[in-house]
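The values are calculated or read from the model by the stated rules, or taken from the named source; none is laboratory data. Just so you know, these numbers come straight off a predicted model, no measurement behind them. Ideal geometry is used to build each Cβ from the backbone, glycine not excepted, and the neighbour counts take in all protein chains shown. Heavy atoms of the whole protein, side chains included, go into the accessibility calculation; ligands, DNA and RNA do not. Shrake-Rupley method; radii C 1.70, N 1.55, O 1.52, S 1.80 Å.
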Amino acid sequence: MKRIIFLTVVMVLAGYRLHAQEKTVVELWKTDSVLKTPESVLLDPYTKTIYISNIDGEPWGKDGKGSIGKIGADGKNLVVDWVKGLQAPKGMGLYKDKLYVADVDEIVVIDVKATKIAQRIPVAGSVNLNDVTVSPTGDVYVSDSKTGEIHLLRNGVLSKYLSGLNGINGVLSTADGFYFVAKGALYKANAGEHIKLAEGMEPSTDGVVQTKSGDFIVSSWVGVVYYIKKDGSKTELLNTMERKLTSADIDFDPVNNILYVPTFFSNTVVAYQVK
């Protein structure tokens, strides 16, 4: 009898520790619904600025209505149309005061200090450029969800980095490797092969970011955000599907554990404290 009681107590405590380790989120702030189909957010940790890509029209339309907005990391001082003149902008990457934006079939380079478009770089053969990531050394990677390719911009020269990636969307270049999400799975690119780190997520996987501890947070456009540990185990961090609140291309502040989520058709950006 004592052994049964002891085992029960151990199992209860083990279950408690597992539950205690699960991550949760608390909403910190939300913008008014004044953005214009925000698809992606990008935090500049040095200036405490969040850049926002506004599609403002057809998701892949070339109508000249797109823009980049910005807001403080505290949710204040929102500028909806900070830089205009884009088509249907999506993912962004930042390197040395240059903001690189995926814009349908070209990379738009914005001079942050001058607050203007400095360059437009056509990507030959591209159709639906989607996400952008920049390596610590300034290499710019852009995914194309339609063609299943990732393009590399290095020292002003474009080349294909990876191909044959069905459903590719979010990309992430870090000091410890290159990661991407496609059709509900998280991968690491390694010496020409793709190592699957986690799977079983909603197929509309969108953005991917990394925490300070080396874990990952992955968004799914339908409204589910996952927390993925380094061992590949995953839990739902946020689920707003019942509210029909989408979660597009996210960003994350690893120092303060704050997650930033653009809601696409709901025209807001929401900040969550991750605990």
Worksheet, complete the sentence: What the Cα atoms of the stretch 127-275 span along the principal axes, largest first and in whole Å, is 42, 32, 27
Worksheet item: With labels modelled as points extended 7 Å from the Cα through the Cβ direction, what inter-label distance (nm, one decimal) is found for V157 paired with T24?
Response: 5.3
Worksheet entry | Estimated [θ] at 222 nm from DSSP helical runs (n ≥ 4, -39500 (n - 2.57)) normalised by residues in the chain, nearest 500 | -2500 deg cm²/dmol
Response to the item:
Of the accessible area of the chain, computed with a 1.4 Å probe and all protein chains kept, carbon and sulfur make up a percent value of 52
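Ignoring ligands, DNA and RNA, what accessible area per residue does the chain give at 1.4 Å, in Å²?
Details: 13230 Å² over 275 residues.
Spelled out: the 1.4 Å probe surface of the chain, per residue, equals 48 Å².
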Discussion item. Please compute the contact order of the stretch 71-207 in relative form: average sequence separation of alpha-carbon pairs under 8 Å and at least six residues apart, divided by the residue count, as a percent.
Written reply: 13
Practice prompt. Go through I55, M241, I217 and say which Cα lies farthest out towards the positive end of the charge dipole of the chain; charges sit on Cβ, +1 for Lys and Arg, -1 for Asp and Glu.
Written response: I217
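Only four residue types carry charge here, +1 at the Cβ of Lys and Arg and -1 at the Cβ of Asp and Glu. Report the dipole size of the stretch 212-275 about the Cα centre in Debye, rounded to the nearest 20.
Numbers: 7 positive and 7 negative charges, 26 e Å.
For this selection, approximately 120 debye.
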Worksheet item: For the stretch 47-151, what is the charge dipole size about the Cα centre, in debye to the nearest 20, if Lys and Arg each add +1 at the Cβ and Asp and Glu each add -1 at the Cβ?
Response: 420
Worksheet entry | Pair-distance profile P(r), taking every C-alpha pair of the chain, with 10 angstrom steps and integer % | 7, 31, 36, 18, 5, 3, 1, 0
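R0 = 22 Å: FRET efficiency of S33 with E58, Cβ-based, nearest 0.05? Don't skip to the answer; put the middle values down first.
Working: r = 20 Å, r/R0 = 0.89.
With a Förster radius of 22 Å, E is 0.65.
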Response to the item:
For the stretch 58-137, the count of lysine pairs 8 or more apart or interchain whose alpha-carbon atoms are under 20 Å apart comes to 22
Worksheet item: Roughly what % of Cα-Cα distances in the stretch 213-275 sit above 14 Å, to the whole percent?
Response: 54
Discussion item. With +1 assigned to the C-beta of every Lys and Arg and -1 to the C-beta of every Asp and Glu, and no other charges, what is the dipole magnitude of the chain about the Cα centre in debye, to the nearest 20?
Written reply: 640
Worksheet item: Just going by the charge dipole of the stretch 36-156, with Lys and Arg at +1 and Asp and Glu at -1 on Cβ, which of N130, G85, H151 is farthest out on the positive end?
Response: G85
Response to the item:
Note on the stretch 80-163: alpha-carbon gyration tensor, axes a ≥ b ≥ c; rule is a/c under 1.5 for rounded, else prolate if a/b larger than b/c, else oblate; result oblate
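Arranged from highest to lowest average of other beta-carbon atoms within 10 Å per residue, in what order do the peptides 194-202, 31-39 appear?
Working: 194-202: 15.9, 31-39: 19.1.
Taking the mean over residues of other Cβ atoms within 10 Å, the ranking is 31-39, 194-202.
When each pair of different Cα atoms in the stretch 62-111 is counted once in the 1/r mean, what is the Kirkwood radius in angstroms, to one decimal? Intermediate values should be presented prior to the final figure.
On the way: mean 1/r = 0.0874 Å⁻¹.
Computed over the stretch 62-111, the radius equals 11.4 Å.
Pop the C-beta distance of K146 and Y95 into the FRET formula with R0 = 22 Å and round what comes out to the nearest 0.05.
0.30
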